Every structure is written in structure tokens, then in C-alpha cells.
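Before any comments, here is the structure.
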């Protein structure tokens, strides 16, 4: 493990998983960048709204003590054109923030993260969650996005 380093790990999507290593303690969770209605959750009416929500959230995360590194999952396959718009936009926002704050960026493919975490590059969500709960039984895991961010952080720490 890299001693006394602050790292932010992100699994970016409309629901973004995050894991933060600071003072040798991991905190994690997930953040949704879609609009909530009384009856359902839906994508923001304009993809730019999701980008604005992500930008505001990332600004808050990066406020305060400086991060030494940011790690993110570099997806190469998307389920829809809308997912491409959202995720590529999020990546651009992340790159801009990293450049502005002079924070080094590292990326890993989803299959590399899954293979490291489960031994199988095609692991499904339940497998990722099960391994995360086994490694971190004291964490109250929110969802698979949070698990992916924790696995991403763990992979990075071994490099």
C-alpha cells in the first residue's frame, strides 16, 4: 500500500461509484446524477444537466486537502448512445479538474478491474459485490458502482 496518500477512485456513470483513500482509511459510496421524480428515476432531461451535476459534485469532492492521485475506470463499451454522451462528458470534466488541480490520473479497463477482484474479467455485478463484502465486511455497501470503485482503488494500490 502507498503510505499516507490521498486517492480518489471513480467508476463513472449516471450513478457514479467512488472510493477515497485518506489517512489509510477508505470511505466510499455512490452518487446519482439523474433527476428524481415522485414516481421514478430518469435520466436528466438534457444530458448537460447530468454533466453539470457531476461537475458540481466533483468540485466539492476536490475541495479541501489535495488528492495525490485520481483513478478511474476507462470503459470502452457502452450500452447506448446516451451512455456514451454521459460517460464521455464525465471523463472530459474529470480530465479538466485533474489538469486544473495538477493531479495525476490513472485509468484501468473494466475487465482488468474485474479480473483483479474476482479472477474473472467478465464477472457480473453480484460477484463484484460478494468479493467486496468479503474483503470489507465492515463497509455498508450501497451498490455495485461503489464495489467497482473499491475494487479499482484496490487494484491501483497494487501497482
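Things to note:
- Think of it as helices only: each DSSP H run of n ≥ 4 in the chain is worth -39500 (n - 2.57), and spread over all residues that comes to -14500 deg cm²/dmol at 222 nm.
- Least to most buried among 18, 106 (fewest other Cβ within 10 Å first): 106, 18
- Compactness of the chain is given as radius of gyration and Dmax, 15.2, 46 Å, from Cα positions.
- Per-residue packing, averaged as other Cβ atoms within 10 Å, sorts the ranges 19-26, 150-157 into the order 150-157, 19-26, beginning with the highest.
- Descending by average beta-carbon neighbour count within 10 Å, the peptides 7-14, 131-138, 49-56 line up as 7-14, 49-56, 131-138, the highest first.
All of the numbers you see were taken from the coordinates with simple rules; none came from a lab. The model shown is predicted, which means the values in this text are computed figures rather than measured ones. Quick reminder, even Gly has a Cβ in these numbers, built from the backbone with ideal geometry, and neighbours come from all protein chains shown.
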